[in-house]
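Student: Below you will find the structure I want to go over with you.
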Amino acid sequence: MSDEVNAVSVKGIYKNYGDVEALRDMSLDFPKGQLTSLLGPSGCGKTTLLKIIAGLLVPNQGEVRVNGQIVTEPGPDRAFVFQDFALMPWASVLRNVAFGLELRKVAKSEREDIARKYIKEVGLDGFENSYPHELSGGMRQRVGLARALSVDSPVLLMDEPFSAVDEQTRRKFQEDLLQLVKEESKTFIFVTHSIEEAVYVSDQVAILLPRPSRVSEIIKPSSFKNKDVDSIRKDSEYLDTVEKIWKSLRSYVE
Amino acid sequence: MRIFGIKLPNMTSLILWGLLWEILGRMEVSFFLPPLSSIFTTLADIYDSKAFIRALSETAVAFFGGLFYALVIGIPVGIFMGKNRFIDELLLPWVNMFMSAPLTALVPVLMVLFGFGLKSIIIVTTLFAIWIIILNTRAGVKQINRSLVDMANSFGAKPIDAFVKIYFWAALPEIIGGIRIGFIRAVKGVIIGQLLISIVGFGSLFELYSSRFLMSHFWAIILVLFALAFTISELLAMLAKRFDYYASKRG
Amino acid sequence: MISRSLTLKLLSALVIFGAWEISSRAGINYAFPTFFESMLALWNLTISGQIFVAYAETLKPLVVGVLISTFIGVGIGVWVGLSEKFDWLVSPIFIIMQSAPLAALIPLVIMAYGIGITSKTFVVCIMAMPVIVLNTSGAVKNTPTSMIEMARSFLSTEREVIFKIIIPSASPVIFAGLRLGVSAGFIGAILAELKITPTGVGDIISYSRMTADYPSMYAAIFSIIVLAVLFLNVLERIEKYLFAGNDQGYVS
């Protein structure tokens, strides 16, 4: 696929940790403006791949291209949302959200305005001056999301962002994410180990298998994409897709 | 830290510092810093002298005596405090207070009440060590998982069995941790006691050597003391590690 | 309605002080004044102003020593936490200092620096620095990796990571280390007083002991303990207030 269609593409990525081979000859394309999931059981290297794309880890071999350019470190073109939120507990919500802009030397009043806008957008209006320990898990992750949105990167990398919150909050997040993908013209790369979640939110799902890590197939769930958020979970193609994926992954869990 | 790719183990920089000490000593940079080698030779000279052996044994008696009382009184008190809320509420403020209080200030009182001898030093040592032993024992008892207690009861364990087979081991990691810190504090206690009371043990040797400016002698006993304190402390740490694998993380 | 814990505290205080009073009246030891005699002596020392002059003298080496230990200790600690080489070089010294009876070095300090405020300040520093350095370096080393990654992912420089992430994250433990350092410094200050030259409060203790004015001696010691405990408690409260919830910003 050509580079104009892909926001991100990785080719021939190898990553070893000592003797353990986390990724071997991994190649994958991520189309622009869409949400691609990396789905697989633990140990299949999906978080490793995501961090390599983010520039937080260096691969032993291979290249990562963002919008056609090779990247080797973090850059303004990619923003990361962390599984454990990674909020600064000593800073207010406002400062946390504005942190990315603070590091880019944006003037204080300007970055606070931008931050406020995104705080509102994720539904935390009124909590600007609260501190992380005063918020619930779900709220903290919204802060992390607002922070990633504030820097306005074309690519958003999300590392199991909803795994540390309770089930109900998680479902709400998934619905909100669908909405977000529709509204923002960004490219999302989303790591998860939940099959339902992957099929629900993604435009395409890349199934990764472990030891050695490889892409086993790419699924593009489609027909239920335009249904409203509540109906999707009952749609028969959705349920079939989930079942199909579970069957093929099952042997790797045992 | 790696040099030429080989990983250097933890305390090896001490070799470097030892070398530096030797060099500075030989350069006679300061009267108070004799070369490390001469300190070792002095140590070899005096370690079997009567004065040294007597100092060592007096110190050891005071130290082990003090530690003994600290354990024999401290552990039961800690257990009671861990199990009984009333006693806990009554005693905890005091234990905490004495933990943070500068116990050194009490030494003059002890000198006045119990005289200048071994008795006072044993009491000082006990006082230094006992509070942390109480606190850690109490914590060890308190954190015994309720499920373990229920499990013991559900299998009909007799109280003595439950204590010996379950509770003791469950609380042990914390208690050993307390003993280790108690040990270090006991060492400080026995030394501070001897420094201020100065007629027995190493205290008297310190007086002797410093009044005659016998630097090598002085450093020799310092090294012995520090080495002993550090070695036994590390041994206790290794002991604690053997029980650590099942110790629950606190806080 | 007084709370239960406060009642118990007062009750136990009454018991202890009562026991003091009774056992000293039982005449166990002529050098054991009663609680009331000691409190009276304390009162006299207070209104004569003696005790304030004494503390001013005693606190000088303590305050100076703690300040020096704090600045140098935190500096060294941060450096050790950040640099593997410096850690290898310097940590063993402080690790040994932590378990060693540092008081043994006091005669050496006296020999080298004489009797005076320099010696006393030096003693306070020796006692306070190891725990400050080790707490600081430990906190720096234990900065949560994901926060450092977060900062890097948003393009921070090395310097920004140190000052905006590592140091704020390590602050609670550094402060706790300072508190322990002050506690050790107290011991150093008193040892210095009793062993080097009594000026200040140590003078009251020594002199009253020599003149067999035991109530005053007990009064002085009582005041030291009360003051030290109160001060450290205040520090603990400040610590709790400043750093409430500081360990809960990441993961639920």
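Student: Sum up the charges of everything whose Cβ sits under 12 Å from the Cβ of A:R171, counting Lys and Arg as +1 and Asp and Glu as -1, but leave A:R171 out.
Tutor: -4
Student: In segment A:187-202, whose amide N lies under 14 Å from the spot 7 Å out along Cα-to-Cβ of A:S163? List them in ranges.
Tutor: Only A:190-198 pass the distance filter.
Student: Can I ask one more? Could you calculate the FRET efficiency of C:L227 with A:K11 from 1/(1 + (r/R0)^6), where r is the beta carbon distance between them and R0 is 56 Å, rounded to 0.05?
Tutor: Result of the calculation: an efficiency of 0.20.
Student: Rounded to whole Å and sorted largest first, list the principal axis extents of the Cα atoms in segment C:1-132.
Tutor: Extents along the principal axes: 61, 43, 29 Å.
Student: How big, in percent, is the set of alpha carbon pairs in segment B:168-250 lying more than 14 Å apart?
Tutor: 69 percent
Student: So, one more: Spin-label point model (7 Å from Cα, Cβ direction): what's the B:S38 to A:S136 distance in nm?
Tutor: If labels sit at B:S38 and A:S136, their model points lie 7.4 nm apart.
Student: Which whole-Hz ³J(HN,Hα) couplings does segment A:7-21 yield from phi under the Karplus relation 6.51 cos²θ - 1.76 cosθ + 1.60, θ = phi - 60°, glycine and proline marked x?
Tutor: Listing the rounded values in order: 6, 10, 9, 10, 9, x, 7, 10, 9, 10, 10, x, 8, 7, 9 Hz.
Student: Among the lysines, which have Cα under 23 Å from the Cα of B:K165 when same-chain residues fewer than 8 positions away are ignored?
Tutor: B:K83, B:K142, B:K241, B:K249
Student: Still on this model: Please say if segment C:133-252 is rounded, prolate or oblate, where rounded means a/c under 1.5 for a ≥ b ≥ c the square roots of the C-alpha gyration tensor eigenvalues, and otherwise the choice is prolate for a/b larger than b/c and oblate otherwise?
Tutor: prolate
Student: Return the calculated 222 nm mean residue ellipticity for the protein assembly as shown, to the nearest 500 deg cm²/dmol, obtained by summing -39500 (n - 2.57) across DSSP H runs with n ≥ 4 and dividing by the residue count.
Tutor: Computed mean residue ellipticity for the protein assembly as shown: -21000 deg cm²/dmol.
Student: For C:F86, put the label point 7 Å out on the Cα→Cβ axis and report which residues of segment C:167-207 keep their amide N under 15 Å from it.
Tutor: Under cut-off, by backbone N: C:167.
Student: Related question: Filter A:K15/A:K220; A:K51/A:K108; A:K11/A:K244; A:K220/A:K244; A:K32/A:K182 down to the pairs with a C-alpha to C-alpha distance above 18 Å, please.
Tutor: Table pairs above 18 Å Cα-Cα are A:K15/A:K220; A:K51/A:K108; A:K11/A:K244.
Student: Related question: Would you mind pulling out the separation of the Cα centroids of segment B:191-239 and segment A:1-64, in Å?
Tutor: That distance is 61 Å.
Student: About the Cα centre, and with charges only on the beta carbon of Lys, Arg (+1) and Asp, Glu (-1), how big is the dipole of segment A:18-139? Nearest 20 debye, please.
Tutor: I would put it at about 260 debye.
Student: Given R₀ = 45 Å, FRET efficiency for A:S216-B:D150 by Cβ-Cβ distance, to 0.05?
Tutor: 0.45
Student: Using +1 at the C-beta of Lys and Arg and -1 at the C-beta of Asp and Glu, which of A:L178, A:S153, A:V201 has the Cα lying farthest in the positive direction of the dipole of segment A:115-254?
Tutor: After comparing all options, I get A:S153.
Student: For the protein assembly as shown, what does the alpha-carbon gyration tensor say about shape, rounded, prolate or oblate, given a ≥ b ≥ c as the root eigenvalues, a/c under 1.5 as rounded, and a/b over b/c as prolate?
Tutor: Verdict is prolate for the protein assembly as shown.
Student: How high is the relative contact order of segment A:25-104, in percent, with contacts defined as C-alpha pairs under 8 Å that are six or more residues apart?
Tutor: Relative CO of segment A:25-104 lands at 17 percent.
Student: If contacts are Cα pairs under 8 angstrom and at least 6 residues apart, what is the relative contact order of chain C in percent?
Tutor: 26 percent
Student: Now for a different question. What's the longest uninterrupted piece of chain B once you rule out the chymotrypsin sites (Phe, Trp or Tyr not before Pro) that are loop residues per DSSP with at most 11 other Cβ within 10 Å?
Tutor: B:32-154
Student: What list of ³J(HN,Hα) values in whole Hz, one per residue of segment B:88-98 in order, does the Karplus curve 6.51 cos²θ - 1.76 cosθ + 1.60 (θ = phi - 60°) give from phi, with Gly and Pro shown as x?
Tutor: 4, 5, 6, 8, 4, x, 5, 4, 4, 4, 6
Student: Would you list, by chain and number, the lysines whose Cα falls below 23 Å from the Cα of A:K105, excluding same-chain residues fewer than 8 positions away?
Tutor: Output for A:K105: A:K117, A:K120, C:K164.
Student: Run the simple label-point estimate for A:S185 and B:K241 please: 7 Å along Cα→C-beta, distance reported in nm.
Tutor: Spacing of the two 7 Å Cα→Cβ label points: 5.9 nm.
Student: Skipping prolines and chain starts, which residues have an amide H placed within reach, meaning under 5 Å, of the one on A:A22, given they are 5 or more residues away or on another chain?
Tutor: Close amide H contacts, sequence-distant or interchain: A:K15, A:N16, A:Y17.
Student: How high is the relative contact order of chain B? Use alpha-carbon pairs under 8 Å, at least six apart in sequence, and give a whole percent.
Tutor: Once normalised by length, the contact order is 24 percent.
Student: Additional query: For B:K119 and B:L214 in one chain, what is 0.36 nm times their gap in residues minus the Cα-Cα distance, to one decimal in nm?
Tutor: So the chain would gain 31.3 nm between B:K119 and B:L214.
Student: Would you grab the residues whose amide H sits under 5 Å from the one on A:A86? Only those 5+ places off in sequence or on another chain, please, with H modelled 1.01 Å from N.
Tutor: C:V251
Student: Continuing with the same structure: Determine ³J(HN,Hα), in whole Hz, for all residues of segment B:228-237 in sequence, where each value follows from phi through the Karplus function 6.51 cos²θ - 1.76 cosθ + 1.60 and θ = phi - 60°; x replaces Gly and Pro.
Tutor: 4, 4, 5, 4, 5, 4, 5, 4, 5, 5
Student: Treat every Asp and Glu Cβ in segment B:1-78 as -1 and every Lys and Arg Cβ as +1, leave all other atoms uncharged, and give the resulting dipole magnitude about the Cα centre to the nearest 20 debye.
Tutor: 280 debye
Student: Further question: Can you give me the distance in nm between label points at B:L8 and C:A56, each placed 7 Å from the Cα along the Cα-to-Cβ direction?
Tutor: Simple spin-label model gives 5.0 nm for this pair.
Student: Do me a favour and compute the ellipsoid semi-axes for segment C:39-107 from its Cα gyration tensor, root of five times each eigenvalue, largest one first, whole Å.
Tutor: 39, 15, 9
Read-outs throughout are calculated quantities, based only on the coordinates presented, and are distinct from any laboratory measurement. Keep in mind that this is a model prediction, so the values were computed, not measured. Don't worry about glycine lacking a Cβ; one is built from the backbone with ideal geometry, like all the others, and counts go over all protein chains shown.
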